[in-house]
1. Out of all the residues in region 34-59, which are part of a loop (DSSP other than H, G, I, E, B) and acidic (Asp, Glu)?
2. Hey, can you tell me all the residues within region 84-96 that are out of contact with any helix residue (DSSP H, G or I) (no Cβ under 9 Å at 6 or more places or on another chain) and within 18 Å of Phe61 (Cβ to Cβ)?
3. Is there any pair linking a residue in region 91-114 that is surrounded by 14 or more Cβ atoms within 10 Å (Cβ to Cβ) to one that is part of a helix (DSSP H, G or I) and among the aromatic types (Phe, Trp, Tyr), with Cβ under 7 Å and at least six apart or on different chains, and which?
4. Could you tell me whether Glu36 is in contact (Cβ under 8 Å) with a residue 12 or more places away in the chain, in contact with an Asp or Glu (Cβ under 9 Å, 6 or more places away or on another chain) and of a type in the set (Asp, Glu)?
5. Considering only residues that are of a type outside the set (A, V, I, L, M), touching a strand residue (DSSP E or B) at 6+ places or on another chain (Cβ under 7 Å) and at pLDDT 95 or above, which ones fall in region 46-74?
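The values are calculated or read from the model by the stated rules, or taken from the named source; none is laboratory data. The structure displayed is predicted, hence computed values, not measured ones. For neighbour counting, all protein chains shown are included, and Cβ atoms are generated from backbone atoms with ideal geometry for every residue, glycine included.
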Amino acid sequence: MRPTRSRLIQLAEVTRTQYASDFQKSRSYAPAVVTEGGRTVWLAGLLAAEEEGGRSLAGDFGGQVCCIFRKMAVQMAEVGGTINDVVTMTAFITDVRYNGEFVELRKEFFQENSYPASTLVTVKALNRPEALVEITATAVIP
């Protein structure tokens, strides 16, 4: 039988830069996030073709974003964290006109002092024709 190695588990220290400009704050993201210790969670790209109750979200950008953030919150709870443990995200949107709406919706799910570092990318299409947004994220749980 092979011996197991014991691990020292540290509480995570998460620091979001205090040097965010007013523009960055208005866009609900931190320009930098530093973490030390804790458990890292990598979330695969999340889509929302339909909401939890089964109603189609085709053509409903806001509905897709909200559903994705709810899914993200559930996934984080399943591993012992919260959505505010997300330290970075990349969001892919299919139309640049959605960027303002995305930012406003993100503010509804993240606390102001817990904004993740974030990149917003406009793409021609996603892997499902009805998908208007896909989000991938990394979190650190204390």
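1. Initial filter on region 34-59 (part of a loop (DSSP other than H, G, I, E, B)): 37-38, 47-49, 51-55, 57-59.
Answer for region 34-59, where residues must be part of a loop (DSSP other than H, G, I, E, B) and acidic (Asp, Glu): Glu51, Glu52.
2. Thr90, Phe92, Val96 - these are the residues of region 84-96 that are out of contact with any helix residue (DSSP H, G or I) (no Cβ under 9 Å at 6 or more places or on another chain) and within 18 Å of Phe61 (Cβ to Cβ).
3. Correct list of pairs: Ala91/Phe102; Ile93/Phe102; Tyr98/Phe61; Glu101/Phe61; Phe109/Phe69.
4. Working: in contact (Cβ under 8 Å) with a residue 12 or more places away in the chain: yes; in contact with an Asp or Glu (Cβ under 9 Å, 6 or more places away or on another chain): yes; of a type in the set (Asp, Glu): yes.
Answer is yes for this residue.
5. Answer for region 46-74, where residues must be of a type outside the set (A, V, I, L, M), touching a strand residue (DSSP E or B) at 6+ places or on another chain (Cβ under 7 Å) and at pLDDT 95 or above: Ser56, Phe61, Gln64, Lys71.
For (1) part of a strand (DSSP E or B); (2) of a type in the set (D, E, K, R); (3) farther than 17 Å from Gly59 by Cβ; (4) within 15 Å of the chain's Cα centre (by Cα), each residue gets a yes or a no:
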| position | (1), (2), (3), (4) |
| --- | --- |
| Ala77 | no, no, yes, yes |
| Tyr98 | no, no, no, no |
| Thr119 | yes, no, yes, yes |
| Thr138 | yes, no, yes, yes |
